[in-house]
Structure formats: structure tokens, C-alpha cells
Amino acid sequence: MATGVGGAIKRVGGDAIEFAAVRQGPLGLGQAVVTPAGTLAARMIIHAVSLDRDRGTSAIAIEEAVRSAMARARENNVTSIAFPALGTGVGGYPLDEAAQITLATVRDELARSPAIEVLTFALRGAAPYAAFQAALNAVEVASAAGPDGGDGR
């Protein structure tokens, strides 16, 4: 937890978060674990592994990490969850693709997660916001078109 989102969580929430995560490892790519939130204003942290040992990632790793995080949320009766743009910082995965993967996976998982009332994408900077907004707009356009891709008639 030295860089990226993990590093930021540790810097603000304290070393105890990392210690609790390490005790549950090692984790494979796409897995997620839950730890206390330290001094953060949260009940818990769900750590989802989207980077391999070489700090690379893939579409499959991002999707599996999101699914695993959502599974841990269900197991812990989470009502509010936040996701960063997994794999796009140190991992270097393209923002546009990561946004599409994350939104599609979260949307699919929300159908199985009725307790979740608030979902936040915790993004930093204009580029991630633009990528996630574009992906969200694409989902909304596809939904409005109806299941046959037409105008819903």
C-alpha cells in the first residue's frame, strides 16, 4: 500500500489498515478483502486487487476485482460503497476502457446487491470524471434504446 489509492488510504487512515490487509494475504489478482477503516470516516475498507506483481492489469482483472469487492459488500451488508478507477493509475490501463468495464460490472452486480443504496465513483482529476461520464452516458443511451437496440417500441 505504498502508491495509488492504497497509498492514499494508508496515509490518511493509518498503518493499521495495511497491517490488517497483509494478515489476510497473499491475495490473487481479482480478489478482495475487508479491513477496518482506521481513522477514515468509513466502517470498513474493501481492498480489491487489480494489479499483478509487476503492477500491470487487464480488463479481466478489473472486472474480477469489482465483482469480488461487490461480493464482500454483500457479505458485510454494506449500504454505501465507493470505487476508484481501478488499474488506471500505476497500472496504466486506459481510463475509457476501465470506466466501461467498471460501470458494466457494477451495474450487473447491483442487481444482486439490493442493500446498496449509495454508490460513488471516487475519482481524482478531470480525465477520470470525463471517462466515467462518457461510459455512463453510453449505458444510458443503450438502456433508452431498449433490449433490441431500437427505439424501445
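Taking H as built 1.01 Å from N, whose amide H comes closer than 5 Å to the amide H of Phe83, not counting residues under 5 places away?
Thr120, Phe121, Ala122
When you count, for each residue, the other Cβ atoms within 10 Å and take the mean per peptide, how do 69-77, 44-52, 24-32 rank with the highest first?
44-52, 69-77, 24-32
For the charge dipole of the stretch 4-145, defined by +1 on Lys and Arg C-beta atoms and -1 on Asp and Glu C-beta atoms about the Cα centroid, which residue among Ala59, Ile116, Ala144 has the Cα displaced farthest towards the positive pole?
Ile116
Could you sort 124-130, 56-62, 96-102 so that the peptide with the highest average Cβ count within 10 Å comes first and the rest follow in order?
96-102, 56-62, 124-130
So, in nm, how far is label Thr39 from label Ala127 when the simple model puts each one 7 Å beyond its Cα toward the Cβ?
Modelled inter-label distance: 3.1 nm.
For the chain, with the dipole built from +1 on Lys and Arg beta-carbon atoms and -1 on Asp and Glu ones, taken about the Cα centre, which of Phe19, Ala48, Ala71 lies farthest toward the positive end?
So the residue furthest toward the plus end is Phe19.
With Cβ to Cβ distances under 11 Å as the rule, what net charge do the other residues near His47 carry (K, R +1; D, E -1)?
Here the count lands on +1.
How large is ³J(HN,Hα), in whole Hz, for each residue of the stretch 27-44 in order, when computed from phi with the Karplus curve 6.51 cos²θ - 1.76 cosθ + 1.60 and θ = phi - 60°, using x for Gly and Pro?
10, x, 4, x, 8, 9, 10, 10, 10, x, 8, x, 8, 6, 7, 8, 7, 7
By DSSP, what percent of the beta bridges with both residues in the chain are antiparallel, rounded to the nearest 5?
Within the chain, antiparallel bridges account for around 55 percent of the total.
Please give the FRET efficiency for Val139 paired with Phe19, using the beta carbon to beta carbon distance and R0 = 41 Å, rounded to the nearest 0.05.
Plugging the Cβ-Cβ distance into 1/(1 + (r/R0)^6) gives 0.60.
What does the charge dipole of the chain about its Cα centre add up to, to the nearest 20 debye, if the Cβ of each Lys and Arg holds +1 and the Cβ of each Asp and Glu holds -1?
Value, rounded to 20: 520 debye.
Sequence gap at least 6, Cα distance under 8 Å: using those rules, report the relative contact order of the chain to the nearest whole percent. Intermediate values should be presented prior to the final figure.
On the way: 207 pairs, mean separation 27.3, N = 153.
That works out to 18 percent.
On a 0 to 90° scale, report how tilted helix 59-75 is relative to the longest principal axis of the chain, with both axes built from alpha carbons and the result rounded to the nearest 10.
That works out to roughly 70 degrees.
For the stretch 74-100 and the stretch 18-35, write down the distance between their C-alpha centroids in whole Å.
Each part's Cα centre sits 16 Å from the other's.
Computed from the coordinates by the stated procedures, all read-outs in this text should not be read as laboratory data. All values reported here derive from a predicted model rather than from experimental measurement. Cβ sites come from the backbone with ideal geometry, for glycine too, and all protein chains shown count toward neighbours.
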